[in-house]
1. Within the bounds of the range 216-227, is there any residue that is touching a strand residue (DSSP E or B) at 6+ places or on another chain (Cβ under 6 Å), of a type in the set (V, I, T), more than 30 Å from P240 (Cβ to Cβ) and touching a residue at least 12 places away in the same chain (Cβ under 8 Å)?
2. Going by the structure shown, is I119 hydrophobic (A, V, I, L, M, F, W, C), closer than 30 Å to D229 by Cβ and touching a residue at least 60 places away in the same chain (Cβ under 8 Å)?
3. Tally time: how many residues in the range 189-199 are crowded, with 21+ Cβ neighbours inside 10 Å and either within 15 Å of the chain's Cα centre (by Cα) or acidic (D, E) (or both)?
4. Report, by residue number, each residue of the range 221-233 that is of a type outside the set (K, R), at negative phi and surrounded by fewer than 20 Cβ atoms within 10 Å (Cβ to Cβ).
5. Would you check which residues across the range 130-141 are closer than 20 Å to A67 by Cα and out of contact with any Asp or Glu (no Cβ under 9 Å at 6 or more places or on another chain) and list them?
6. Looking at the range 240-284 only, could you name the residues that are surrounded by 15 or more Cβ atoms within 10 Å (Cβ to Cβ) and assigned to a loop (DSSP other than H, G, I, E, B)?
7. Determine whether the range 277-291 contains at least one residue that is polar (S, T, N, Q), under 24 Å from D152 (Cβ atoms) and out of contact with any strand residue (DSSP E or B) (no Cβ under 8 Å at 6 or more places or on another chain).
8. Can you tell me which of D202, D129 is touching a residue at least 24 places away in the same chain (Cβ under 8 Å), more than 30 Å from L107 (Cβ to Cβ), not polar (S, T, N, Q) and not in a strand (DSSP E or B)?
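The values are calculated or read from the model by the stated rules, or taken from the named source; none is laboratory data. Owing to the predicted nature of the structure, the values given are computational and were not obtained by experimental measurement. Don't worry about glycine lacking a Cβ; one is built from the backbone with ideal geometry, like all the others, and counts go over all protein chains shown.
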Amino acid sequence: MRGVEVIEQHAASVINPVSGMPFAWSINPYRGCYHQCRFCYARRTHAFLEADGVTQWGSKIYVKINAAAVVRAELARKRSIDHVAVGTATDPYQPIEGTYRITRGILEALRDHHVRAGIITRSPLVVRDIDILQQLARIAGLTVSVSIATMDAALAREIEPTVAPPAQRIRTVRMLAEAGLTVHVALAPILPQITDAPEQIDAVVRAARDAGATRIWHDALNLHDVTRDAFFAYLRERRPELIAGYARLYKGTYAPRAVARTLDARVAAAQAAHPSRALPRIHAAPITQLSLLAASP
């Protein structure tokens, strides 16, 4: 990771309350992300630390070195936490995780406290932790979402400069599914006029289903604050012919509802054409059994 400044921090709190989402709590082991995706909505979080989310998002990474211990302490105090999303504002399996292993420590804490988790990542490094993932899935429940915006390797390199190629991520989906884990593919974000053609969407859905993904979820590109600056810098560099069209589409944060409806229809058509495969899955133990386990000596 040449050219990356790593800043170690001691976090006072790691489990964050969330509103308006299918989960009530989130955990992010890092701030900043080496993947440097052009469209990343989380770039604006760098501004909270007076860092530049356009030029420094992938070159200045903050590491919460005590995160696993803090998670254990917070779970011991907050008994109401029962579902946590890991990786909502950074990739928990970006390359630096190979050295620090903070995400693994957090998952061990969630397992030990019987807390259901959802993970989202673009990284094949997640397969390193299949053992912990299986344990967590059995004890409390787990889903892993692997983000794949396109199956076109050249286009993926353009919009996700340092992320593993799509084929490698599909292989990750297959490995997780074959391990009995519930795997989703995040077709997100879909970029209008770049990755939104029906055949492009169909290619991702088909590959995901073939690999064993039980669900494909999607979202259109959102542009706000720092993300808008980063994305328009990308357009100026690689696709200047699209600048005027994007300026018309994105007068605010979100694409027009008509665009979202079109994308919804295309994803729905692809999913209908490629139904999920029935594979053996690990299911969490009933709550009554969890209570007995917790009471065992």
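1. yes
2. Judged against the criteria, I119 is not a match.
3. Qualifying residue count for the region: 2.
4. Selection gives N222, H224, D229, F232, A233.
5. L133
6. Residues satisfying the conditions are Y250, A255, P256, H274, I282, A284.
7. No, the conditions are met nowhere in the range 277-291.
8. D202
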